[in-house]
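Q: Just passing along the structure, written as structure tokens.
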Amino acid sequence: MVQDLQAHGYEAFIVGGGVRDLLLGKLPKDFDVATSATPEQVKSVFPLCHLIGRRFRLAHVRKGGSITEVATFRGHHRDSDETGSLSREGRILRDNVWGSIEEDAIRRDFTINALFLDPVGGEIRDYVGGYKDLQNRKLRLIGEPELRYREDPVRLLRAARFTAKLGVEPVAETAAPIRELAPLLTDVPPARLFEEVVKLFLAGHGLRSLEALQRFGLSATLFPAMQGGGRQGKVRVGLLLRKALENTDHRVAESKPVTPAFLFAALLWQPMDQLAKEFVVNGDLPYVAVNHAAEVVFDLQASTTAIPRRFSAVTRQIWVSQLRLTKTRGKRWQRMLEERYFRAAYDFLLLRAAEDPELEPLCKFWTEAQVGIDFSQQRKRTRSGDRPRRRRSNRGNAASGG
């Protein structure tokens, strides 16, 4: 792709995280391309590409079964630039001012993300000292830190994520404003923050990400539904959440699937559970209390981080199922084994037992109840629309796998 653009007379380079990861000896998830060609000129080279975005005008080019993001070199915003490109606070609303490769490098966020690689000629271009910072494992914002954070507050989270993911250490001037500027995250669209939460916690470094968010005082703003941790910008973190993130990191390392639904079940369990208990004291039935508490917590969290309904609905099912898992008499427990979200609810019960040893006998019951059940086949039947037949074994046989 770079070669195609160069063949048409344009400058073109691989840029950003792909170059950074290659230099760190990591396998890049994907590659982004930066070029002197405008989006319309990119489309003239790749007629089937799609031009997307308003804030960032980009080209998505499909080649070899994958999609590569191609961006035009960006320049500096000036008073004569398009009206409304910056907010009164300095946050970038639109960034479609074209410039040179040197200007593009300076417009990027961190020095380690501003390295340009020409895969054709093998040349690396560094205009901001990113190569040296990468060698020294230093994280440095390009330009004046407070201004750069105000331009795009998500950079606050990116600083925490790179600290967790790459093992880099922010230099003093990059780290200093983060805690004070954390409230700027409330100006970021909640849907965009959901994407950032997924990058923080579901990419194999979730526990370290939590530690970085706590260290920089970003947790309380990012998760307003969570209980305060007694110090500015922190939240209360229990063993359940730590174990959940630790297990998630292991699953990612083993290439097993992970889901935001389970992540948010762990993140928001404490405030939901406490609120549900208060509703019960005030007269609500347990199931009503959990559903009511879930609504309150989701609404509060949505002010910062939008949780798509396809995930929040599953999170709610995991929470409600904690009540259903206490029903081990009669035949209701057998029906529970056939529920679509049983395994997620069971896994969550195990996490709760890490904090509450009194749940261990219940965990033992459900562990033994699953012996001999092929859940992969059960899921296939559920997806095909066929309700799995109920087991006719009695409680003793089922518990022993009989």
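Q: List the number of the failed condition for Ala159; all other conditions in (1) of a type outside the set (Asp, Glu); (2) at pLDDT below 95; (3) within 30 Å of Thr186 (Cα to Cα) hold.
A: It fails just one condition, (2).
Q: Suppose the filter is within 18 Å of Thr304 (Cβ to Cβ) and of a type outside the set (S, T, N, Q); does Leu245 pass it?
A: no
Q: May I pose another question? Taking Ser85 and the conditions (1) in contact with a Leu (Cβ under 9 Å, 6 or more places away or on another chain); (2) at pLDDT 95 or above, which numbered condition does it fall short on, given that it satisfies the others?
A: (2)
Q: Filter the stretch 264-277 for residues that are among the aliphatic types (A, V, I, L, M), in a helix (DSSP H, G or I) and open to solvent by less than 10 Å² (accessible area, probe 1.4 Å) and give the result.
A: Residues satisfying the conditions are Ala265, Ala266, Leu267, Met272, Ala276.
Q: I need the full set of residues from the stretch 116-133 which are more than 18 Å from Ala159 (Cβ to Cβ) and not charged (D, E, K, R), in order please. Please lay out each step first, then the result.
A: Initial filter on the stretch 116-133 (more than 18 Å from Ala159 (Cβ to Cβ)): 116-127, 131-132.
Matches in the stretch 116-133: Phe116, Leu117, Pro119, Val120, Gly121, Gly122, Ile124, Tyr127, Tyr131.
Q: Please report, ordered by residue number, the helices (runs of 4 or more DSSP H) entirely within the stretch 109-196 with at least 1 residues that are of a type in the set (Gly, Ala, Ser) and closer than 16 Å to Arg215 by Cβ.
A: 154-166, 172-175
Q: Looking at the stretch 36-63, I want the residues that are under 18 Å from Gly75 (Cα atoms) and have a partner that is charged (D, E, K, R) and part of a helix (DSSP H, G or I) with Cβ atoms under 7 Å, at least 6 apart or on another chain. Which pairs are those?
A: That search, which allows pairs on different chains as well, returns Ala59/Lys43.
Q: Being open to solvent by less than 30 Å² (accessible area, probe 1.4 Å) and either outside any helix (DSSP H, G or I) or on the phi < 0 side of the Ramachandran plot (or both) narrows it down to one of Ala306, Ala289, so name that one.
A: Only one candidate passes the filter, namely Ala289.
Q: Go through Val120, Val197 for me and flag whichever is surrounded by fewer than 16 Cβ atoms within 10 Å (Cβ to Cβ) and in contact (Cβ under 8 Å) with a residue 60 or more places away in the chain.
A: None of the others qualify; the one that does is Val120.
Q: Just to be sure I understand the filter: pairs with C-beta atoms under 9 Å, separated by 6 or more residues or on different chains, first member in the stretch 312-326 and under 14 Å from Pro286 (Cα atoms) and assigned to a helix (DSSP H, G or I), second member among the charged types (D, E, K, R) and modelled with pLDDT of 95 or more. Which pairs pass?
A: Short answer, once both residue conditions are applied: Arg316/Glu295; Trp319/Asp273; Gln322/Asp273; Gln322/Arg352.
Q: Cβ-Cβ under 6 Å, sequence separation 6+ or interchain: first residue in the stretch 232-248 and at positive phi, partner open to solvent by less than 10 Å² (accessible area, probe 1.4 Å) and at pLDDT 90 or above. Which pairs?
A: If the second residue must be open to solvent by less than 10 Å² (accessible area, probe 1.4 Å) and at pLDDT 90 or above, the pairs left are Gly233/Ala182; Gly233/Gly217.
Q: Would you mention how many residues in the stretch 206-259 are in a loop (DSSP other than H, G, I, E, B), surrounded by 21 or more Cβ atoms within 10 Å (Cβ to Cβ) and not hydrophobic (A, V, I, L, M, F, W, C)?
A: Matching residues across the stretch 206-259 total 1.
Q: Which numbered condition in (1) free of Cβ contacts under 8 Å to residues at least 60 places away in the same chain; (2) within 25 Å of Glu368 (Cα to Cα); (3) of a type in the set (Phe, Trp, Tyr) is the only one that Phe348 fails?
A: Unmet for Phe348, out of (1) free of Cβ contacts under 8 Å to residues at least 60 places away in the same chain; (2) within 25 Å of Glu368 (Cα to Cα); (3) of a type in the set (Phe, Trp, Tyr): (1).
Q: Further question on the same structure: Considering the stretch 15-37 alone, what residues qualify as being assigned to a loop (DSSP other than H, G, I, E, B) and within 20 Å of the chain's Cα centre (by Cα)?
A: Passing the criteria: Gly16, Lys26, Leu27, Pro28, Lys29, Asp30, Phe31.
The values are calculated or read from the model by the stated rules, or taken from the named source; none is laboratory data. All values reported here derive from a predicted model rather than from experimental measurement. Glycine gets a Cβ as well: all are built from the backbone with ideal geometry, and neighbour counts include every protein chain shown. Note: accessible area is taken over every heavy atom of the protein model, side chains too, but ligands, DNA and RNA are not part of it. Shrake-Rupley method; radii C 1.70, N 1.55, O 1.52, S 1.80 Å.
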